[in-house]
Every structure is written in structure tokens, then in C-alpha cells.
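Beneath this line is the structure, given in C-alpha cells, with notes to follow.
The values are calculated or read from the model by the stated rules, or taken from the named source; none is laboratory data. Computed from a predicted model, the values in this text were never measured in an experiment. Methodologically, a virtual Cβ is constructed for each residue, glycine included, from the backbone with ideal geometry; neighbour enumeration extends over all protein chains shown. Ligands, DNA and RNA are stripped out before the accessible areas are found, and what is left, the full protein with its side chains, is counted by its heavy atoms. Shrake-Rupley method; radii C 1.70, N 1.55, O 1.52, S 1.80 Å.
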Amino acid sequence: MSTPASARIRSAGMIDRLARWVRGRPEGESAAAAVLRELREEVEAVSPPRVGLLPGYAAFMKVIEEAPALRSRLWAIGQEVQAGLEQALREETGAADDDELPHLMASQIGWIHSTVIAVIGREMVKGREPCEVSREVLALLDDIEDLLGERVLSHAVRTAA
């Protein structure tokens, strides 16, 4: 049974996930490319707990949709993810506190993640098979990458230390 402490640990892992991916990217990879790569790996692996590709997801989402406090907490987690990613980009690029670019880039990169999670959720609520949704979301990730401009795709490329 989950305890409040274990729930906080799990949400902390969700909150800093995008920032961890950006901070852990290899030399020559941009921040957006790191997030796209990590998402592709999780979706391809049909990684249920992290991206929602699991049978029974409809029942889980029904509980969330019927509980305003849970919906509110999910929204708050999304805001914390964005803030953590912005801070990571600020640190990685040496941007000043008043520079809006890290905020704008975190918004674009966060959009990638939130779109993928939303599409997975929508399709899993329909009762679809995780493997089938996974294949479709991999194609979606290609479409997302095609939509992103060069400025986003080339921002914060990791250089040699």
C-alpha cells in the first residue's frame, strides 16, 4: 500500500524526469533531442508506469477525472516539471535570471512530453492495446519532431566538459 511519503517520492521522480533527461544527455545532443530520444525509448519499450501504456488505464483515469483534488495535483505536477526543466536549461546554458529563452524552450520541450502523455492517455482510455498505441505514438513523435523549429532542436547542445 502506498504511503504519503512513497507518493511524494514517486511524484518527485515525475517532476524532475525531464530535467534529468536534459542534464544526462550525451555530448552533441540538444535538450529537445534528449527528451525526444528518452520518450521514444520509453514508448518503444512499452514502459507502463512512466508513460501510461498499461491495461486498465481507463479505470485509473476515471478515478482521476472524478476527483478534483487529483486533477489539481496533476496540473501542479505539470507546472513543477516545467519549472524544473526551465531551471535545468538555465543552468546548462548559463542564462541570466531575466532571460526568457529558457522559459520558452522549457515550454516547447514540455509540450512534447505533455502531448505524448495526453495522446497515450486518450488512446488507452478507449481500451486499446498498449503495443498498438506504442507504435502509433512512435509515429507521432516523428511528427512532433518535424513540427519543431531548428532553434528548438538545436538549443542547449551539450558540449565537451
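For the range 42-96, give me every one of the helices (runs of 4 or more DSSP H) that falls completely inside it and has 1 or more residues that are open to solvent by 30 Å² or more (accessible area, probe 1.4 Å) and modelled with pLDDT of 95 or more.
On the way: elements: 48-51, 57-65, 68-93.
Filter on the range 42-96 gives 68-93.
Would you confirm whether any residue within the range 145-152 is assigned to a helix (DSSP H, G or I), in contact with a helix residue (DSSP H, G or I) (Cβ under 8 Å, 6 or more places away or on another chain) and either within 15 Å of Leu53 (Cα to Cα) or open to solvent by less than 30 Å² (accessible area, probe 1.4 Å) (or both)?
Going through the range 145-152, the residues assigned to a helix (DSSP H, G or I) turn out to be 145-147, 150-152.
Among the residues that remain, those that are also in contact with a helix residue (DSSP H, G or I) (Cβ under 8 Å, 6 or more places away or on another chain) are: 145, 152.
Right, trim to either within 15 Å of Leu53 (Cα to Cα) or open to solvent by less than 30 Å² (accessible area, probe 1.4 Å) (or both) and you get 152.
Within the range 145-152, one or more residues are assigned to a helix (DSSP H, G or I), in contact with a helix residue (DSSP H, G or I) (Cβ under 8 Å, 6 or more places away or on another chain) and either within 15 Å of Leu53 (Cα to Cα) or open to solvent by less than 30 Å² (accessible area, probe 1.4 Å) (or both).
Could you list, ordered by first residue, the pairs with Cβ atoms under 7 Å in which the first is in the range 141-155 and free of Cβ contacts under 8 Å to residues at least 12 places away in the same chain and at negative phi and the second is of a type in the set (S, T, N, Q) and surrounded by fewer than 12 Cβ atoms within 10 Å (Cβ to Cβ), at least 6 apart or interchain?
Qualifying pairs under 7 Å: none.
Scan the range 114-125 and report the pairs whose first residue is within 13 Å of Phe60 (Cβ to Cβ) and whose second residue is open to solvent by 20 Å² or more (accessible area, probe 1.4 Å) and in a helix (DSSP H, G or I), with Cβ atoms within less than 6 Å and a gap of 6+ or a chain change.
Once the first residue is within 13 Å of Phe60 (Cβ to Cβ) and sits in the range 114-125, its partners that are open to solvent by 20 Å² or more (accessible area, probe 1.4 Å) and in a helix (DSSP H, G or I) give Met124/Tyr57; Val125/Ala58; Val125/Met61.
When you check Val35 against the structure, is it assigned to a helix (DSSP H, G or I), at negative phi, among the β-branched types (Val, Ile, Thr) and open to solvent by less than 20 Å² (accessible area, probe 1.4 Å), yes or no?
On the way: assigned to a helix (DSSP H, G or I): yes; at negative phi: yes; among the β-branched types (Val, Ile, Thr): yes; open to solvent by less than 20 Å² (accessible area, probe 1.4 Å): yes.
The answer is yes for Val35.
Can you say whether Ser107 is among the hydroxyl-bearing types (Ser, Thr, Tyr) and at pLDDT below 95, as far as the supplied structure shows?
Values: among the hydroxyl-bearing types (Ser, Thr, Tyr): yes; at pLDDT below 95: no.
Here the answer is no, as Ser107 does not meet what is asked.
Of all residues in the range 104-131, how many are over 12 Å from the mean Cα position of the chain (by Cα), within 22 Å of Gly149 (Cβ to Cβ) and open to solvent by 70 Å² or more (accessible area, probe 1.4 Å)?
1
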